[in-house]
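Throughout, read-outs are computed from the coordinates displayed, never taken from laboratory work. Just so we're clear, the structure is a prediction, and the values are computed from it rather than from any experiment. Neighbour counts are summed over all protein chains in view; Cβ atoms, including those assigned to glycine, are modelled from backbone coordinates with ideal geometry.
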């Protein structure tokens, strides 16, 4: 997989190093020449000195050949412009954008070419709620501008899904249980997997299926926690 990352700050370089170590081809775009000169020896990826907000620069960098674009600069306006150009001008299949200021998160959607937005404060809030909320639904991540989302429910003792195999739960066709975390270990869900109280159940849902999944796992009408 070829990944282009805009922004060689702490976030961008960390992502680049991780992806490179995982065997991916990484292109790192940065307009600050001094920063590139300082960081290039320590990060063995393809570097390109350019302003990622300029379409001509992206053409020269070969953005049309990448599978994923990551807009990871420290400026939300730049990340939106980069995402829009990546999607509209180069038809990049997957665009991931960093949200620096949580109040701007509503802008990071398909209108601006963003497939997945990552807001660190909101993600931290979700992880905190995920750790302490038993019997509540926590939205962890949204994809495709909110058309799909990853949710988590820690099963309470009175969960209607407790002691039942997944095949009997009646999960909607447009939702799926993607993982069960039990005792610190990940259980790959299968039809005969029996859920237990205390299980952390992660599900991928659509807006139309979330309530049904919530009823299956929680069994009440309390509002979900939005991170």
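Do the sum for the chain: with -39,500 (n - 2.57) for every DSSP H run of n ≥ 4, divided by all residues, what is the mean residue ellipticity at 222 nm, to the nearest 500 deg cm²/dmol?
-8000 deg cm²/dmol
Points 7 angstrom from Cα along the Cβ direction at residue 188 and residue 89: gap in nanometres?
My value for the distance between the label points is 4.2 nm.
Can you give me the convex hull volume of the Cα atoms of the stretch 2-122, divided per residue and expressed in Å³?
92
List 5, 15 from most exposed to least, where exposure is judged by having the fewest other Cβ atoms within 10 Å.
The fewest-first ordering by Cβ neighbours comes to 15, 5.
Counting just the Cα atoms, what span does the stretch 133-221 cover along each of its three principal axes? Round to the nearest Å and put the largest first.
Projected onto its principal axes, the Cα set of the stretch 133-221 covers 34, 26, 26 Å.
Can you sort 76, 192, 51, 115 from fewest to most other Cβ atoms within 10 Å of each residue's own Cβ? Please report the intermediate quantities before stating the final value.
Details: 76 19, 192 9, 51 16, 115 22.
Going from sparsest to densest Cβ surroundings: 192, 51, 76, 115.
What is the ratio of the Cα radius of gyration of the chain to 2.2 N^0.38 Å, with N the residue count, to two decimals?
For the chain, the normalised Cα radius of gyration is 1.16.
Considering only C-alpha atoms, what is the centroid distance from the stretch 176-194 to the stretch 1-74, in Å?
If we compute the Cα centre of each part, the gap is 36 Å.
Residue 56 to residue 178: FRET efficiency via 1/(1 + (r/R0)^6), r the Cβ-Cβ distance, R0 41 Å, to the nearest 0.05?
That gives a FRET efficiency of 0.50.
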